[in-house]
1. Considering each of 251, 240 in turn, give the residue that is crowded, with 20+ Cβ neighbours inside 10 Å, in contact (Cβ under 8 Å) with a residue 60 or more places away in the chain, under 11 Å from residue 11 (Cα atoms) and touching a helix residue (DSSP H, G or I) at 6+ places or on another chain (Cβ under 8 Å).
2. So residue 62 fits all but one of (1) in contact (Cβ under 8 Å) with a residue 24 or more places away in the chain; (2) surrounded by fewer than 17 Cβ atoms within 10 Å (Cβ to Cβ); (3) farther than 26 Å from residue 144 by Cα; what number is the exception?
3. Can you confirm whether region 242-250 contains a residue that is at pLDDT 95 or above, more than 30 Å from residue 19 (Cα to Cα) and outside any loop (DSSP other than H, G, I, E, B)?
4. If a residue has to be touching a residue at least 40 places away in the same chain (Cβ under 8 Å) and out of contact with any strand residue (DSSP E or B) (no Cβ under 7 Å at 6 or more places or on another chain) to count, how many in region 11-56 make the cut?
5. Can you tell me which of (1) outside the structural domain of residue 71 (by TED's automatic domain parsing); (2) on the phi > 0 side of the Ramachandran plot is the one residue 147 doesn't meet?
6. Working carefully through the options 186, 203, find the one that is under 21 Å from residue 277 (Cβ atoms) and in the same structural domain as residue 237 (by TED's automatic domain parsing).
7. Within region 33-50, can you find the residues that are more than 20 Å from residue 79 (Cα to Cα) and buried (at least 18 other Cβ atoms within 10 Å of the Cβ)?
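The values are calculated or read from the model by the stated rules, or taken from the named source; none is laboratory data. Please read these numbers as outputs of a predicted model, since none were measured by experiment. Here the Cβ positions follow ideal geometry from the backbone for every residue, glycine too, while neighbour counts run over all protein chains shown.
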């Protein structure tokens, strides 16, 4: 069985509070991308993993794809296993949800291949124990996400946007970025209803006024190349540019595919990690 594990971007990320256990409560607008890792699942007696094309993803049992398979096997008492062949295309430590997407794809794929019969809610419950973004990655397209990632409201009507992604050489650890945010709050908030409406129009010029990531300022203090990436994308014609998730990847939205291609060609001279992709409409 061959699968795609699609990356995501955050159009909006607003921190609404902190739980007693230290987890931050979020209100986010998230959309999946064409950019994806490739996964092949091969039935066999035990669980094994082969990793290809990795940036700095772990190739052992700590990999989220392997952990997802082990968690599903344990939850369902499935007697056999699978060989997971994971080919990475999504940069790690970038805020693009690559590891979570891999875990979600493995949960869905093995649930089908093994015939374990779990519904999306049951898979999400297993996924939440692996990472807060895993339940989100069980859904396609655009979604409003709350809580620590467990409250997911799929949204319809989002258009496909042409993107160029840049990642600074230094990745960021999510924990460090949230700690920096706690020390220096960003009081600007996104207009999430306005962002939802703008994403349905297909007009990228409307995004700058309504989208915002409250972690960007804190992440840029740890990695100044984030702001350099934003400036580089605007300089090559982006209608809107912003960091995704907790970074360090930055996306730029372009009016058409040709403009995005031209910008990517220029940006690759200075940015080794420069990817061309689209959001998934729906």
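1. None of the others qualify; the one that does is 251.
2. (1)
3. Looking through region 242-250, none of the residues is at pLDDT 95 or above, more than 30 Å from residue 19 (Cα to Cα) and outside any loop (DSSP other than H, G, I, E, B).
4. Here the count works out to 2.
5. (1)
6. Answer to the selection: 203.
7. 33, 35, 36, 37, 39
Conditions tested, residue by residue: (1) in contact (Cβ under 8 Å) with a residue 40 or more places away in the chain; (2) part of a loop (DSSP other than H, G, I, E, B); (3) closer than 22 Å to residue 190 by Cα; (4) in the same structural domain as residue 97 (by TED's automatic domain parsing).
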| residue | (1), (2), (3), (4) |
| --- | --- |
| 221 | yes, no, yes, no |
| 231 | no, no, yes, no |
| 261 | no, no, no, no |
| 265 | no, no, no, no |
| 272 | yes, yes, no, no |
